[in-house]
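Asker: Just passing along the structure, written as structure tokens.
None of the figures in this text is laboratory data; all of them are computed from the coordinates on show. Every value quoted in this text rests on a predicted model; they were computed, and no experiment measured them. Neighbour counts run over all protein chains shown; Cβ positions are idealised from the backbone, glycine included.
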Amino acid sequence: MNLIERRKQVLGRHVTTFYDDPFAPVRGDGVWLYDADGKRYLDCYNNVPHVGHCHPKVVKAIADQAATLNVHTRYVHEGVVAYGEKLASKFKHDLSTMIMVNSGSEANDIALRMAQAVSGNTGVIGTDNTYHGNTASVSQLNATKVPVGGYADHVRQVPSPDNLHPVGGTRAGQAQAFAAGVEVAIAELQAAGHGVSALIICPYFANEGFPTLERGFMDQAIACVRRAGGLIIADEVQPGFGRIGSHWWGHEKLGFVPDIVTLGKPMANGHPVAAVITRHDVLEAFQDAFKYFNTFGGNPVSAAAAMATMNVIEDESLVENACVVGAYALKELSSLADKHELLADVRGSGLFFGAELVCDGKPATDICLKVVNEMRRNGVLLSTVGRFENALKVRPPCVFSKENVDQLVDVMDHAIAQVLADE
Ligand SMILES: Cc1ncc(COP(=O)(O)O)c(C=O)c1O
């Protein structure tokens with residue numbers, strides 16, 4: 001039995017794989033992934049290896065700490081405290097305390113409970129095209145799969161912002177229309193007796209298809225939530241740690257102040273580390289309301305991996321790199337859009353960008369998938385996103401260079417031509 005069949009047997013038929021011909025890398029280095037035959041692929045998709053696959057400094061930090069000490073989190077250890085201080089220094093607005101966990105899902109689960117503890121309410125608002133993780137409570141927010149028994153009554157989904165199909169019909173009126181959706185949700189939650197504990201959003205609306213939003217976009221919606229006694233949770237699992245180039249965090253780019261921030265994926269370059277960042281008063285309310293202990297969250301090896309990743313981001317100026325290379329990529333992609341009408345909307349910030357594909361006025365979902373598969377055959381890995389899965393999503397390790405952009409755009413150009421010729 002080959003590896004794919006064995007995988008299905010032991011992990012189940014629905015465990016996701018990308019591409020018609022599933023990819024099985026055996027080695028990674030910087031922006032490159034290698035298959036068993038030694039073929040090299042340009043990784044334009046993976047945000048977890050934020051500072052590059054197998055960065056030697058992160059690998060060494062993990063190995064050194066694993067060879068020295070790794071224990072559960074009831075002992076006092078310099079590493080986790082030092083990392084918490086370092087991470088908190090990257091935030092403003094009294095966001096100065098941290099709980100370290102093992103996944104973004106866990107971080108969001110805690111964030112939701114923090115909001116309950118502070119507000120005394122249980123109602124939660126998310127968007128209608130999102131994903132925030134896989135715990136029982138967080139998966140209630142998953143827009144693409146209805147939970148067994150239907151969505152819980154304390155959860156409301158509001159229309160998510162979009163470039164080509166803006167909420168309310170126009171880009172100019174989108175912020176107001178988004179806030180109107182939030183107001184409806186608040187009224188429903190209050191009428192049902194749940195009240196509002198939190199609005200949880202990714203401040204880059206990454207899973208929604210990363211629409212282009214102006215600074216201040218969230219202000220009206222946030223004001224409504226705060227009036228109702230709710231908290232604002234910024235899920236920075238995707239935009240965080242400088243990927244968007246202009247800022248370290250998505251909420252800074254949109255210009256709002258969250259009560260709670262959740263972090264994950266890129267935080268330790270692949271070692272499973274995530275965190276919740278919040279104010280002292282919120283942390284205390286949570287600790288008063290819930291018994292909470294985490295065996296692995298914030299163990300010495302995880303803290304070492306996270307600290308090494310943070311140091312590399314700073315030492316190699318990767319936020320600045322995301323800004324410069326991302327701007328170049330948008331320019332090159334826009335030129336490609338002049339050539340291929342199919343690329344109807346090019347957008348993004350830093351090293352999180354892409355293009356939405358439209359054909360005859362309709363989302364070009366099938367074509368988009370074919371382009372992704374054709375690019376994979378030609379050594380470039382990326383994926384799709386958006387309500388109709390018709391946007392090419394590029395989100396590479398932040399060591400991505402202008403030369404890498406040139407290869408990406410060149411391969412995309414040929415893939416589009418090939419797919420359209422085959423249609
Ligand atoms: C926005 C967002 N939040 C949270 C999560 C969950 O993170 P994890 O898979 O580490 O639990 C994801 C995962 O894709 C995500 O995209």
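Asker: Among Ala192, Trp248, Ala66, flag the residue with its Cα farthest along the positive direction of the charge dipole of the chain, charges on Cβ as +1 for Lys/Arg and -1 for Asp/Glu.
Answerer: Checking the options against the dipole of the chain, the answer is Ala66.
Asker: Give me the one-decimal nm value for the distance between modelled label points at Lys339 and Arg215, 7 Å along each residue's Cα-to-Cβ direction.
Answerer: The two pseudo-label positions are separated by 3.5 nm.
Asker: So, one more: Chymotrypsin sites (Phe, Trp or Tyr not before Pro), restricted to region 71-121: which are DSSP loop and have at most 14 other Cβ atoms within 10 Å? Write down the numbers at each step before the final one.
Answerer: Values: sites: Tyr75, Tyr83, Phe91; in loops: Tyr75, Phe91.
Filter output for region 71-121: Tyr75.
Asker: Considering amide H positions built from the backbone, and no H for Pro or chain starts, which residues 5 or more places from Arg27, or on another chain, come under 5 Å of its amide H?
Answerer: Counting only residues 5 or more places away or on other chains, the set is Tyr34.
Asker: Here's a follow-up. Tell me which of Gly298, Pro258, Ala152 sits at the most positive position along the dipole axis of the chain, charges placed on C-beta atoms (Lys, Arg +1; Asp, Glu -1).
Answerer: Gly298
Asker: Projecting each Cα onto the charge dipole of the chain (Lys/Arg +1, Asp/Glu -1 at the beta carbon, about the Cα centre), which of Thr122, Tyr204, Gln287 comes out farthest on the positive side?
Answerer: Going by the Cα projections, it comes out as Gln287.
Asker: For Asp366 and Asp21 in one chain, what is 0.36 nm times their gap in residues minus the Cα-Cα distance, to one decimal in nm? Don't jump to the answer; show the numbers that get you there.
Answerer: On the way: separation 345, 0.36 × 345 = 124.20 nm, distance 1.61 nm.
So the extension gain works out to 122.6 nm.
Asker: Quick one: dipole size for region 56-315, taken about the Cα centre, charges +1 on Lys/Arg Cβ and -1 on Asp/Glu Cβ, in debye to the nearest 20. Before the final figure, lay out each step's value.
Answerer: Details: 18 positive and 23 negative charges, 55 e Å.
So the dipole magnitude of region 56-315 works out to roughly 260 debye.
Asker: Can you give me the distance in nm between label points at Arg227 and Tyr75, each placed 7 Å from the Cα along the Cα-to-Cβ direction?
Answerer: 5.4 nm
Asker: Run the dipole for region 381-423 about the Cα centre, Lys and Arg Cβ at +1, Asp and Glu Cβ at -1, nothing else charged, and hand back the magnitude in debye, nearest 20. Could the numbers behind the result be given before it?
Answerer: Working: 4 positive and 7 negative charges, 70 e Å.
Taking the Cα centre of region 381-423 as origin, the dipole is about 340 debye.
Asker: Using only the Cα atoms of region 56-315, each taken as one equal point scatterer with no solvent, compute I(q) by the Debye sum, divide by I(0), and report log10 of the ratio at q = 0.08 Å⁻¹.
Answerer: -0.31
Asker: Right, next: Using θ = phi - 60° and the Karplus relation 6.51 cos²θ - 1.76 cosθ + 1.60, list the HN-Hα couplings for region 322-331 in order, rounded to whole Hz, with x at every Gly or Pro.
Answerer: 4, 5, 5, 5, x, 5, 4, 4, 5, 4
Asker: Note the full-extension length gain between Gln9 and Gln407 as 0.36 nm times their separation in residues minus their Cα-Cα distance, in nm to one decimal. All intermediate terms of the calculation are to be shown ahead of the outcome.
Answerer: Values: separation 398, 0.36 × 398 = 143.28 nm, distance 3.70 nm.
Full-extension gain reported as 139.6 nm.
Asker: Also, quick follow-up: Mind listing the phi-derived Karplus ³J(HN,Hα) values for region 13-20, rounded to whole Hz, using 6.51, -1.76 and 1.60 with θ = phi - 60°, and x for any glycine or proline?
Answerer: 6, 9, 5, 5, 10, 8, 6, 4
Asker: So if each residue of separation counts as 0.36 nm, and I subtract the Cα-Cα distance between Ala289 and Val146, what length gain in nm does that give? Kindly include the intermediate steps, with their values, before the conclusion.
Answerer: Values: separation 143, 0.36 × 143 = 51.48 nm, distance 2.92 nm.
Going from the current span to full extension adds 48.6 nm.
Asker: Moving to a separate point now. Which whole-Hz ³J(HN,Hα) couplings does region 114-119 yield from phi under the Karplus relation 6.51 cos²θ - 1.76 cosθ + 1.60, θ = phi - 60°, glycine and proline marked x?
Answerer: 3J(HN,Hα) across region 114-119, in whole Hz: 4, 5, 5, 4, 6, 7.
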